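Enquirer: Mind looking over this structure? Questions follow.
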Amino acid sequence: MTQPAPSCTIVIFGAVGDLTQRLLMPSVYNLAAAGLLDTNTRIIGADHNDRDTVGWRTEIGDALHRFAAEKGAEFQATIDERVWSFVAERLDYMKFDFTQDADYEALVGRLEKAANVLFYLAVSPRFFETIAAGLGRCGLFAEKPDAFRRILVEKPFGRDVESACQLNAKLTSLAAESQIYRVDHFLGKEAVQGIPALRFANRAFEPLLNHEALASVQITAAETVGVEERGAFYETTGALRDMVPNHLFSLLTLVAMDRPRTFDAEVVRDAKAALLNAIRPIGPVDAARGQYASGTVGGQAVRAYRDEDMVARDSRTETYAALCVRIDNDRWRGVPFYLRTGKRMNAHVTTIALTVRPPSGPLDVHPSTPHLLLFGVDPQRGLVQRFAAKRPGVDLRLGRASATFRYDTAFDEPPNVGYETLLYHAMLGEALLFQRADMIESEWAAVQGVLDAWSADAADPEPYAAGSAGPSGADALLARDGNRWLDVSPLETLGCDAEAAAS
């Protein structure tokens, strides 16, 4: 039986923000519902907004009930008022100016009797160093043998190699690396955590993951939404910074890393770091970018990116990025990894597609209908294999067959928004699902050449219609190797486009 986390005080900077309301507090509620929070748990919300504890509790409670009522929500169908009461009575709020030493001194007083403390930075990246420095000046990172102090930092962790190194240097000057938990929320997704289990607990899959068996790998993170109300943020970020040196590289490391000797956190993170260090620096010739124009998504007309609020009318910010990644090690030499991510595409999916090389021998497999190993991360979570099989009849003719595993049908899944495991592991001191400093810096180093080239290029990103699969330049990226993208499609239909093209 899973044991509750140790007694802990969680200080959330950015307590009134969307991340806290939509993800962190629903995760806290789910942990409480599962009996995984110690009864002495406290949560202190710190933000610059005028609130008091009663008002913040009411605001969080209203948000939980609203999210529970949303159609297709990953949270809860209903709120158990006993569980909410358990959480609510542990919430405390303090108005907090991140730049004022007096407020950090006041926090010291609030934490005077607290032993274990998590500091969660659910704030804009511009405040990461400010808050960490304030905590450090007041001695709030000081640990005792029986009392931990840990800081959780959300992405984006820097915006290039230089800024990532600077942030790492600042944090490690204030706290030990073992106290720093860099959050990539993709690693909290159940299907993402399940990839190593599928690989290393089953002989059926791991022997396929190498250059002898695989021809290529495609990792897709597509969204149907635009920038919504985040135009100002997106203008300074773009698709590549937002998604690649964190989410997509996290998926790549889980699929491509060598088998770790054990599943201790540092051993696994060493394996991931070795894989990231083996990525050949990516240049602009191995990248494509696009920006969504107007179009139709889900039957609704939507406007172009340049017409969104808080976006420049001549913006050169990419809303789509595709990369060809090469890994220079014995396992993967010669296998292209194609990564793509974009907004306002024709489907909301995150998938990993591995194309198996056709076997040599007397039975020819049509090259357009390859053996595929497909991981579904979102919204459909699981695994599909598409392979050749004999068609019924007197002749030896091949057809296509599939084998499917779905988390939602194989297991009884508890409500999960993706942060429950991350919070629980941080309280336990388990760093397996968190990024290490050297991993972050290697991820940025891999894409720095593309960032520099796109920054210096005065040309506009290639437009693509909203509701499409992206710009034609991304197709050319694969065509030069004789490959093509699979459709942007949910797990249950992923790869079926190849079969249709061959029939």
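Enquirer: Filter the range 365-395 down to the residues that are in contact (Cβ under 8 Å) with a residue 24 or more places away in the chain and assigned to a loop (DSSP other than H, G, I, E, B) and list them by number.
Expert: Val365, His366, Ser368, Thr369, Pro370, Pro379, Gln380, Arg381
Enquirer: Go through (1) of a type in the set (Ser, Thr, Tyr); (2) surrounded by 15 or more Cβ atoms within 10 Å (Cβ to Cβ); (3) at pLDDT below 95 for Ser124 and report which single condition fails.
Expert: (2)
Let's see how each residue does on (1) within 18 Å of the chain's Cα centre (by Cα); (2) charged (D, E, K, R); (3) surrounded by fewer than 20 Cβ atoms within 10 Å (Cβ to Cβ):
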residue: Phe186; (1), (2), (3): yes, no, no
residue: Asn202; (1), (2), (3): no, no, yes
residue: Ala215; (1), (2), (3): no, no, yes
residue: Thr220; (1), (2), (3): yes, no, no
residue: Gly226; (1), (2), (3): yes, no, no
residue: Ala232; (1), (2), (3): no, no, yes
residue: Asp242; (1), (2), (3): yes, yes, no
residue: His247; (1), (2), (3): yes, no, no
residue: Thr253; (1), (2), (3): yes, no, no
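Enquirer: Looking only at strands (runs of 3 or more DSSP E) that fall completely inside the range 262-353, which ones have 1 or more residues that are surrounded by fewer than 18 Cβ atoms within 10 Å (Cβ to Cβ) and touching a residue at least 12 places away in the same chain (Cβ under 8 Å)?
Expert: In the range 262-353, the matching strands (runs of 3 or more DSSP E) lie at 287-297.
Enquirer: With the requirement that a residue be in a helix (DSSP H, G or I) and touching a residue at least 40 places away in the same chain (Cβ under 8 Å), what does the range 129-162 give you?
Expert: Residues satisfying the conditions are Glu129, Ile131, Ala132, Ala133, Val161.
Enquirer: Sort out which residues of the range 463-482 are touching a residue at least 60 places away in the same chain (Cβ under 8 Å) and either farther than 18 Å from Ala293 by Cα or open to solvent by 60 Å² or more (accessible area, probe 1.4 Å) (or both), and write them in order of number.
Expert: Pro463, Ala476, Leu477, Leu478, Asp481
Enquirer: Within the range 396-432, which residues are under 18 Å from Val192 (Cα atoms), open to solvent by 20 Å² or more (accessible area, probe 1.4 Å), part of a loop (DSSP other than H, G, I, E, B) and in contact (Cβ under 8 Å) with a residue 24 or more places away in the chain?
Expert: Glu413, Pro414, Pro415, Asn416, Val417, Glu430, Leu432
Enquirer: Right, next: Out of curiosity, is Asp452 acidic (Asp, Glu), surrounded by fewer than 16 Cβ atoms within 10 Å (Cβ to Cβ), over 19 Å from the mean Cα position of the chain (by Cα) and in a helix (DSSP H, G or I)?
Expert: Yes; evaluated as a whole, the condition is true for this residue.
The values are calculated or read from the model by the stated rules, or taken from the named source; none is laboratory data. This is a predicted model, so every value here is computed, not measured. Using ideal geometry, Cβ is built from the backbone for each residue, glycine included, and neighbour counts are taken over all protein chains shown. Heavy atoms of the whole protein, side chains included, go into the accessibility calculation; ligands, DNA and RNA do not. Shrake-Rupley method; radii C 1.70, N 1.55, O 1.52, S 1.80 Å.
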